[in-house]
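Notes follow once the structure below has been shown.
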Amino acid sequence: DTGVSQNPRHKITKRGQNVTFRCDPISEHNRLYWYRQTLGQGPEFLTYFQNEAQLEKSRLLSDRFSAERPKGSFSTLEIQRTEQGDSAMYLCASSLEGRGADTQYFGPGTRLTVL
Amino acid sequence: SQQGEEDPQALSIQEGENATMNCSYKTSINNLQWYRQNSGRGLVHLILIRSNEREKHSGRLRVTLDTSKKSSSLLITASRAADTASYFCATDPSGSRLTFGEGTQLTVNP
């Protein structure tokens, strides 16, 4: 399968703990996006990378959130000192700039539950 | 904040019927996309229509775009039970991030 993959698929943690999620984009895609989706809502943009550069961050991305894409391939999203309000589905997407760049392909998501 | 709004929020039809979902948005766009999401899963890209296009077809899907009214519609013909899902429209006002609506929950009854 050459689609976008995310790990883990589910994460249950206690309030105050740190969590890290990983996204592996489609191999030739140079853009990578993170979104968050709560129940009954559409996804909301968090941040995106072009290669290893983080080009845009949403106001939703508080200082407890940090994302990296160190070699321009996979990306990690870390949430420090988790809060119950962080419970959501975290979606990763990738696209290829310049050709079909408008189409973002999504992974299956990581569902986070903060107790 | 959400740019798009889908209408209706929920739609229930019988297998074989057509389903029409509408989307309105607020700012100028480069393109508008429709995605499908099965319960608790990731999003699947269905179709993209560019701002200079008025209608596009893909299999049983037909999308229209009216930039003067800032609205789009998605028609699914001859629906199947497997079409049961949430459908989202998404726009890219900045050329990078997607801005999604709240979605239409479609239920196709066998």
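The values are calculated or read from the model by the stated rules, or taken from the named source; none is laboratory data. None of the values given here were measured: they were computed from a predicted structure. So basically every Cβ, Gly included, is an ideal-geometry build from the backbone, and we count neighbours across all protein chains shown. Please note that ligands, DNA and RNA were not included when accessible areas were found on the heavy atoms of the full protein model with its side chains. Shrake-Rupley method; radii C 1.70, N 1.55, O 1.52, S 1.80 Å.
Summary of computed values
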| read-out | value |
| --- | --- |
| Odd one out for B:Phe100, checked against (1) out of contact with any Phe, Trp or Tyr (no Cβ under 7 Å at 6 or more places or on another chain); (2) modelled with pLDDT under 95; (3) on the phi < 0 side of the Ramachandran plot | (1) |
| Condition broken by B:Lys69, with the remaining ones in (1) within 14 Å of chain A (Cβ to nearest Cβ); (2) in a loop (DSSP other than H, G, I, E, B); (3) surrounded by fewer than 20 Cβ atoms within 10 Å (Cβ to Cβ) satisfied | (1) |
| Single condition B:Tyr25 does not satisfy, out of (1) surrounded by fewer than 18 Cβ atoms within 10 Å (Cβ to Cβ); (2) within 14 Å of chain A (Cβ to nearest Cβ); (3) of a type outside the set (Val, Ile, Thr) | (1) |
| Hey, B:Ile13 in contact (Cβ under 8 Å) with a residue 40 or more places away in the chain, more than 26 Å from A:Gly109 (Cα to Cα) and within 11 Å of chain A (Cβ to nearest Cβ) or not | no |
| Any chance A:Thr76 is farther than 22 Å from A:Asn30 by Cα, open to solvent by 10 Å² or more (accessible area, probe 1.4 Å), in a strand (DSSP E or B) and more than 10 Å from chain B (Cβ to nearest Cβ) | no |
| Matching residues in segment B:3-22 - criterion: being acidic (Asp, Glu) and either in contact with a Pro (Cβ under 8 Å, 6 or more places away or on another chain) or open to solvent by less than 80 Å² (accessible area, probe 1.4 Å) (or both) | B:Glu6, B:Glu15 |
| Strands (runs of 3 or more DSSP E) fully within segment A:1-69 counting 2 or more residues that are within 11 Å of chain B (Cβ to nearest Cβ) | A:5-7, A:31-37, A:44-50, A:53-57 |
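Residue-wise test of (1) in contact with a strand residue (DSSP E or B) (Cβ under 7 Å, 6 or more places away or on another chain); (2) open to solvent by less than 60 Å² (accessible area, probe 1.4 Å); (3) assigned to a strand (DSSP E or B).
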{"site": "B:Tyr35", "(1), (2), (3)": "yes, yes, yes"}
{"site": "B:Leu46", "(1), (2), (3)": "yes, yes, yes"}
{"site": "B:Ser79", "(1), (2), (3)": "yes, yes, no"}
{"site": "B:Phe88", "(1), (2), (3)": "yes, yes, yes"}
{"site": "B:Arg97", "(1), (2), (3)": "yes, no, no"}
